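A short reminder: the numbers here are calculations on the coordinates, not readings from a lab. If you're wondering where the values come from, they're calculated on a predicted model, not measured in any experiment. Because the Cβ atoms are built from the backbone with ideal geometry, glycine has one as well, and the counts that use them run over all protein chains shown.
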Amino acid sequence: MIVFSAYCRVAIALLLLGAVSSLRAQDHSHASDPSSPSPLSVPLDQATLATLPRTAVVVTTQGKTVTCTGVRLSALLTRAGVLSAEHLHGPALASYVLVTARDGQRVIYSLAELEPTLGNSNVMLVNRCDDKPLPDDSGPLRLIAPEESRSARWLRQVQSITVVAAP
Ligand SMILES: Nc1nc2c(c(=O)[nH]1)N[C@H]1C(S)=C(S)[C@@H](COP(=O)(O)O)O[C@H]1N2
Ligand SMILES: [Mo]
């Protein structure tokens, strides 16, 4: 009886260990996993954006102060499985987010500058300003980095977002 219960305890411990390590394996399916694909395309469709919390930001562009609304880039990256509750570490610290525009302009942000426990930069992907959709020369999607006073990385006409591991 004593021997049996000892076996039982070992079996239960092994089962628990298996469950925990399989959970951990699922946790690692993001950019810190060296086996995750690069470049990785981030979905930008309306259905995906609609599921994310919307936030507002007041910015001055071209001498006008406007209130723009959209989603945080970090939230979009979390939805895409690139960021997770687990803190960014390892190879993902050398990954960057490449954003392209219809006019060919491109910008990058590092994953670490966006990750909430590191840079926590409030870069947003907006689709409305002053309650109106963005005009074609800047929309339908635009980046806004409200913490940056010069708007060089506020990419207009956003076309694609990909996460790339630095070579
Ligand atoms: N697609 C795209 N976005 C862009 C640029 C560009 O050339 N193409 N220029 C950037 C620069 S340098 C600036 S200063 C701002 C200007 O934005 P605004 O015209 O809304 O003020 O857009 C940024 N976003
Ligand atoms: Mo600029």
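For the range 118-167, trypsin sites (Lys or Arg not before Pro) meeting the loop criterion (DSSP other than H, G, I, E, B) and having at most 11 other Cβ atoms within 10 Å: R150. The stretch between A50 and R102 holds 16.5 nm of extra length on full extension. This uses 0.36 nm per residue minus the Cα-Cα distance. Annotation: peptides 70-76, 91-97, 135-141, ranked by per-residue average of other Cβ atoms within 10 Å with the highest first, follow the order 70-76, 91-97, 135-141.
Near the amide H of R128, within less than 5 Å, lie the amide hydrogens of T69, all on another chain or at least 5 residues away, with H placed in the peptide plane. A crude spin-label estimate for the pair D131 and V164, with each label 7 Å from Cα along the Cβ direction, gives 4.1 nm.
Taking a sphere under 13 Å around the Cβ of S121 and counting the other residues whose Cβ falls inside, with K and R at +1 and D and E at -1, yields a net charge of -2.
Approximating the spin labels as points 7 Å out from Cα along Cα→Cβ, the R150-to-T117 distance works out to 3.3 nm.
Calculated FRET efficiency, Q62 to S38, Cβ-Cβ distance, R0 = 22 Å: about 0.05 to the nearest 0.05.
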